[in-house]
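See below for the structure under consideration.
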Amino acid sequence: MRDVPVDSAQGLVVLGWRSAEDGLFLRARGEPDEIRLRCLCGRCHWIVRELFSGGATTLVLSCHNCGQKRTFLTEGMAAHLP
Ligand SMILES: [Zn+2]
């Protein structure tokens, strides 16, 4: 497991994610291991929203602590339809 600062993670294509006690973990294209996303404020907990539009799912993350927001493209993630 590897911590990645959120600004270095820009442009990653997310294949899957899970939220755990010690933070948010992402599987990303081209990354052999899961990465843990670390915010500028040093925390690794994010509120995750999946936005589905036009056949693509976008991951919108907001830091639990400081409200920092980032958006990631995803691939191969099923839409969670209501
Ligand atoms: Zn933060």
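Laid out as a table, the results:
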item: Test: residue in the stretch 32-55 that is at pLDDT below 95, surrounded by 16 or more Cβ atoms within 10 Å (Cβ to Cβ) and more than 16 Å from the ligand (Cβ to nearest atom); result: no
item: Any pair with Cβ under 8 angstrom, 6 or more apart, that starts in the stretch 18-45 at a residue that is without any contact (Cβ under 8 Å) to a residue 60 or more places away in the chain and assigned to a loop (DSSP other than H, G, I, E, B) and ends at one that is within 16 Å of the ligand (Cβ to nearest atom) and of a type in the set (Phe, Trp, Tyr); result: 39/46
item: Which listed residue, of 15, 59, is in contact (Cβ under 8 Å) with a residue 60 or more places away in the chain and of a type outside the set (Gly, Ala, Ser); result: 15
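The values are calculated or read from the model by the stated rules, or taken from the named source; none is laboratory data. These numbers were taken from a predicted model, which means no experiment stands behind them. No Cβ is skipped: glycine too gets one built from the backbone with ideal geometry, and neighbour counts run over all protein chains shown.
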